[in-house]
1. Within the range 17-29, is even one residue at negative phi, surrounded by 23 or more Cβ atoms within 10 Å (Cβ to Cβ) and in contact with a helix residue (DSSP H, G or I) (Cβ under 9 Å, 6 or more places away or on another chain)?
2. Determine if the range 171-180 includes at least one residue that is within 16 Å of ligand 1 (Cβ to nearest atom) and in contact (Cβ under 8 Å) with a residue 24 or more places away in the chain.
3. Listed residues Lys88, Lys57, Lys52; which is surrounded by fewer than 16 Cβ atoms within 10 Å (Cβ to Cβ) and of a type in the set (Lys, Arg)?
4. Assuming Leu141 fulfils every condition listed in (1) among the aliphatic types (A, V, I, L, M); (2) buried (at least 19 other Cβ atoms within 10 Å of the Cβ); (3) over 17 Å from the mean Cα position of the chain (by Cα) apart from one, which condition is it?
5. Hey, Glu158 hits all of (1) within 11 Å of ligand 2 (Cβ to nearest atom); (2) part of a helix (DSSP H, G or I); (3) surrounded by fewer than 23 Cβ atoms within 10 Å (Cβ to Cβ) but one; which does it fall short on?
6. Any residue that is surrounded by 15 or more Cβ atoms within 10 Å (Cβ to Cβ) and over 18 Å from the mean Cα position of the chain (by Cα) - is there at least one of those in the range 186-198?
7. Give me a count of the residues in the range 159-180 that are touching an Asp or Glu at 6+ places or on another chain (Cβ under 8 Å) and of a type outside the set (Gly, Ala, Ser).
8. Could you check, for the range 239-261, whether at least one of its residues is more than 12 Å from ligand 2 (Cβ to nearest atom) and touching a His at 6+ places or on another chain (Cβ under 6 Å)?
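Just so it is clear, none of the values below were taken in a lab; they were calculated from the coordinates. Predicted model only: the values in this text are computed from it and were never measured. Backbone-built Cβ (ideal geometry, glycine too); neighbour counts: all protein chains shown.
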Amino acid sequence: MITNDIEIRNLTELLKKRNLNTHKGDYGTIGIIGGSNGMEGSLLLAARAAIKIGAGKVLVGFTQNTTPFNIDFMQPELMLRTAYNLLKVDDITRIHTWVIGCGMGKNHQSINILNKAINKINNQFIVLDADALNIIAQNNLNLQESTNTLIITPHPKEAARLLKCTTLEIQSNRIQAAIELTKKYNSWTILKGYRTIVCSPENKILVSKNGNPGLASAGTGDVLAGMIGSLLTQSISIEQALPGAVWLHGAAAEYLANNNNGPIGMTASELPEAARKIRNQLCYN
Ligand SMILES: NC(=O)C1=CN([C@@H]2O[C@H](COP(=O)(O)OP(=O)(O)OC[C@H]3O[C@@H](n4cnc5c(N)ncnc54)[C@H](OP(=O)(O)O)[C@@H]3O)[C@@H](O)[C@H]2O)[C@@H](O)CC1
Ligand SMILES: Nc1ncnc2c1ncn2[C@@H]1O[C@H](COP(=O)(O)OP(=O)(O)O)[C@@H](O)[C@H]1O
């Protein structure tokens with residue numbers, strides 16, 4: 001099996017300057033679903049990351065009956081809805097890329113929303129993260145017939161739930177696990193954890209060499225999911241968007257640590273601004 005490292009010099013699409021005559025429609029609309037009661041933070045982390053990494057518009061859908069708040073005062077650019085509203089016809093066709101699962105919960109309502117999303121969204125990118133993966137594993141959902149391009153982003157325990165094995169088995173052969181997940185779910189796979197793996201449907205393997213233990217804290221995976229969706233909706237090819245997001249996420253952690261804001265006590269909320277700085281520096285300097 002040939003594996004390659006994720007290297008920024010191969011990710012040229014990420015580093016293109018923006019045209020001067022351009023508008024928000026050129027950078028895509030992303031819909032992010034999750035944030036059940038008590039997990040709203042997870043959804044906001046993903047959504048804030050998506051806008052800071054350059055998405056044109058970010059719509060947020062809470063897996064709750066009503067929106068728990070109507071504005072994110074830290075990021076008022078975000079448009080907050082319920083997941084049910086986001087999945088109505090008017091919106092669904094305007095959204096090019098979806099991220100589903102961050103803090104979504106696994107109750108009856110969340111299962112219903114995930115099923116609705118999978119069945120109603122067609123020919124788009126869908127990033128499936130966190131509880132979306134747990135629901136898929138628990139209910140043995142079959143994604144083989146999906147018309148969408150699926151990207152699954154499990155951490156090792158989620159991967160173990162999906163493959164019905166132990167975390168130890170996943171960790172003892174991570175590349176093989178990524179390949180099996182890709183086959184089982186007819187998807188791209190990002191197997192997270194130290195040395196994150198990106199596996200394409202053709203089983204091309206890329207391995208992350210950056211990042212640090214500052215990323216081992218709650219919510220950093222939500223940020224990664226938002227970043228992946230954001231790059232995809234900006235029309236960066238999937239071959240570059242997935243390793244690109246993983247690279248930027250790791251580089252952001254390194255930047256924060258180099259400035260004494262980690263690895264100890266680094267927070268997920270700090271990653272998007274660091275990633276934004278790095279992308280702009282690479283594009284414009
Ligand atoms: N602010 C919010 O609202 C936040 C909400 N969040 C939301 O919470 C929901 C539950 O997600 P979750 O990931 O916390 O729980 P879960 O799936 O049981 O996995 C945890 C266990 O997995 C394992 N494990 C993980 N990584 C591993 C590794 N590299 N290598 C090896 N093992 C590894 C490890 O297991 P252990 O070793 O302890 O047995 C760990 O204890 C989800 O929807 C998420 O979006 C969070 O995003 C946080 C911020
Ligand atoms: N020691 C580490 N080195 C590099 N990256 C790490 C390390 N620990 C965690 N990460 C990264 O941090 C993120 C954690 O995601 P996840 O486990 O889904 O967290 P959460 O559910 O809390 O958001 C993943 O991208 C993972 O690869």
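1. The first filter runs over the range 17-29 and keeps only residues at negative phi, leaving 17-27, 29.
In the following step, the residues that additionally are surrounded by 23 or more Cβ atoms within 10 Å (Cβ to Cβ) were identified as none.
No; the residues of the range 17-29 include none that is at negative phi, surrounded by 23 or more Cβ atoms within 10 Å (Cβ to Cβ) and in contact with a helix residue (DSSP H, G or I) (Cβ under 9 Å, 6 or more places away or on another chain).
2. yes
3. Working: Lys57 fails: surrounded by fewer than 16 Cβ atoms within 10 Å (Cβ to Cβ); Lys52 fails: surrounded by fewer than 16 Cβ atoms within 10 Å (Cβ to Cβ).
Result: Lys88 is the single residue among Lys88, Lys57, Lys52 that is surrounded by fewer than 16 Cβ atoms within 10 Å (Cβ to Cβ) and of a type in the set (Lys, Arg).
4. Of (1) among the aliphatic types (A, V, I, L, M); (2) buried (at least 19 other Cβ atoms within 10 Å of the Cβ); (3) over 17 Å from the mean Cα position of the chain (by Cα), only one is false for Leu141: (2).
5. Going through (1) within 11 Å of ligand 2 (Cβ to nearest atom); (2) part of a helix (DSSP H, G or I); (3) surrounded by fewer than 23 Cβ atoms within 10 Å (Cβ to Cβ) one by one, Glu158 breaks only (3).
6. Looking for residues that are surrounded by 15 or more Cβ atoms within 10 Å (Cβ to Cβ) and over 18 Å from the mean Cα position of the chain (by Cα), one finds none in the range 186-198, hence no.
7. Count: 1.
8. No, the range 239-261 contains no residue that is more than 12 Å from ligand 2 (Cβ to nearest atom) and touching a His at 6+ places or on another chain (Cβ under 6 Å).
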